[in-house]
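What follows is one structure encoded as structure tokens, with my remarks underneath.
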Amino acid sequence: MMIELDVQSGKPVYEQLMDKLKELMINEVLQEHNQLPSIRILAQELTINPNTIQKAYKQLESDGFIYTLPGKGNFVAPPKSFKNSLKEEEIRNELSKVLAEALYIGIDKHEIYRIIKEISPLAKGGDS
């Protein structure tokens, strides 16, 4: 599993790590029930503080992307369990803003539908 983080970025490292792991899950590189690398091993691989990885893992678990089995490690949660009402509301709000902006600048609603149809098969667990 190759994860590259940009320490020069203004975005916190734990958020970058979360985004990369989510991307790997969505693209099915990491599949449900796959075990994630241990905090210690990933910290050594990425040469970052283990607390940073622990923070990312805790947030991913809180958001329903992963689950922990005590003494065994962290695992990718099944896609349907990703659904978290607070996260869903946050995404809906962000999506509404982006869509409103797209319509405002003149992107046709049919183009928006086309984009949605194009990405739908790529999103594991998404409704078609």
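The values are calculated or read from the model by the stated rules, or taken from the named source; none is laboratory data. Since the model is a prediction, treat every value here as computed from it, not as a measurement. FYI the Cβ positions are ideal-geometry reconstructions off the backbone, even for glycines, and counts take in every protein chain you see. Accessible surface is based on the protein model in full, side chains and every heavy atom, while ligands, DNA and RNA are left aside. Shrake-Rupley method; radii C 1.70, N 1.55, O 1.52, S 1.80 Å.
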Residues (on the phi < 0 side of the Ramachandran plot and of a type in the set (Ser, Thr, Tyr)) located in the range 15-50: SER38
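Going by the conditions given, is PRO79 open to solvent by less than 90 Å² (accessible area, probe 1.4 Å) and either out of contact with any strand residue (DSSP E or B) (no Cβ under 8 Å at 6 or more places or on another chain) or on the phi > 0 side of the Ramachandran plot (or both)?
yes
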Some residue of the range 70-87 being β-branched (Val, Ile, Thr), assigned to a strand (DSSP E or B) and in contact (Cβ under 8 Å) with a residue 40 or more places away in the chain: yes
Qualifying residue in the range 59-66 (condition: open to solvent by 90 Å² or more (accessible area, probe 1.4 Å), part of a helix (DSSP H, G or I) and modelled with pLDDT of 90 or more): no
Residues (assigned to a loop (DSSP other than H, G, I, E, B), of a type outside the set (Ser, Thr, Tyr) and either within 19 Å of the chain's Cα centre (by Cα) or surrounded by fewer than 14 Cβ atoms within 10 Å (Cβ to Cβ) (or both)) located in the range 37-58: PRO37, ASN49
Condition broken by ILE3, with the remaining ones in (1) surrounded by 14 or more Cβ atoms within 10 Å (Cβ to Cβ); (2) closer than 30 Å to PRO121 by Cα; (3) modelled with pLDDT of 90 or more satisfied: (3)
